[in-house]
Amino acid sequence: MTSPTSQELRKLQEPAYWLIFALPWPDSRQDAATAEAAYVVAPPLVPRSQVSENAEGVFAVAHFHVKENPGRRGVWFSDLTRWLAERDNSWQGVEVDWEAALREIQELPTFGMFLEVSRRGYLFLLDGSPEGATVTYPGGEREHLTAREREAVHADFENKITRDWARYIEEMAARGMIHLH
């Protein structure tokens, strides 16, 4: 095993895309404005021999979604759910147990990181409905989450992940945790 070259390291730092999905909001952070409540993985970096059919199914849907949406590097799991619905399909229709897949993906022995998100960003990250969610607040006020704001939140996530992922890979390499065969 050898340490990665700078070119190999760059490939790890700049994958074609990332899959981002929401985790439960931590009980210890119920009143906090932000929490580590999302997980990020780079499907192009995951050896397919390490995953089950369910995780492979999620990665396959992500791959096709990215092919139809070139330039988008931050793919939310809710984007995939929405994308399937727009095609009159669902996770059940493609025979993927998405809950099992997301649990597995988070535990894979591959590059992945937790992401701190705002409560508002978290609402968008969770929303896979084609028409966008309507939020009802404790006082009874209602608000529709707009497509324009969803795109802005998407861009913010992607910028943060682009920056943080590169640092994460660099740190892993500096600690000697990246070896190539």
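Given charges of +1 on the Cβ of Lys and Arg and -1 on the Cβ of Asp and Glu, with all other atoms neutral, how large is the dipole of the range 40-144 about its Cα centre, in debye to the nearest 20?
Numbers: 10 positive and 16 negative charges, 79 e Å.
Result for the range 40-144 is approximately 380 debye, rounded to the nearest 20.
Per Stokes-Einstein, at 37 °C and 0.692 mPa s, what whole-number D in µm² s⁻¹ belongs to the chain, with the Kirkwood radius over Cα pairs as the hydrodynamic radius?
Working: Rh = 17.5 Å.
Reported coefficient: 188 µm²/s.
So what's the range 84-159 giving for Rg/Rh, alpha carbon basis, Kirkwood Rh from the mean inverse pair distance? If you can, show how the numbers build up before the last one.
Values: Rg = 15.2 Å, Rh = 15.0 Å.
A ratio of 1.02.
Taking only DSSP H segments of four or more residues, each worth -39500 (n - 2.57), what value at 222 nm results for the chain once the sum is divided by all its residues, to the nearest 500 deg cm²/dmol?
-14000 deg cm²/dmol
Using a probe radius of 1.4 Å on heavy atoms only, what accessible surface per residue do you get for the chain? Whole Å² is fine.
On the way: 10370 Å² over 181 residues.
Value for the chain: 57 Å² per residue.
What FRET efficiency would be calculated for the residue pair R120, S28, taking the C-beta separation as r and a Förster radius of 30 Å, to the nearest 0.05? Each step should come with its number before you reach the end.
Working: r = 20 Å, r/R0 = 0.66.
Working from the Cβ atoms, E equals 0.95.
Measure off, as a whole percent, the carbon and sulfur share of the 1.4 Å-probe accessible area of the chain, all protein chains present.
On the way: 5190 of 10370 Å².
So the carbon and sulfur contribution to the accessible surface is 50 percent.
Percent of Cα-Cα pairs per 10 Å bin, from 0 to the last occupied bin, for the range 47-126, please list those.
It works out to 16, 47, 34, 2, in whole percents.
How much net charge surrounds V135 when only other residues with a Cβ under 10 Å from its Cβ are counted (Lys, Arg +1; Asp, Glu -1)? Spell out each step's value before the answer.
Numbers: positive: R120, R142; negative: D127, E141, E143.
So the environment of V135 carries a net charge of -1.
Using Cα atoms only, what is the angle between the long axis of helix 147-174 and the major principal axis of the chain, expressed in degrees (0 to 90) to the nearest 10?
20
The values are calculated or read from the model by the stated rules, or taken from the named source; none is laboratory data. These numbers come from a predicted model, not from an experiment. We place every Cβ from the backbone using ideal geometry, glycine too, and count neighbours over all the protein chains shown. The protein model used for the area step is the full one, side chains on, heavy atoms only, and it has no ligands, DNA or RNA in it. Shrake-Rupley method; radii C 1.70, N 1.55, O 1.52, S 1.80 Å.
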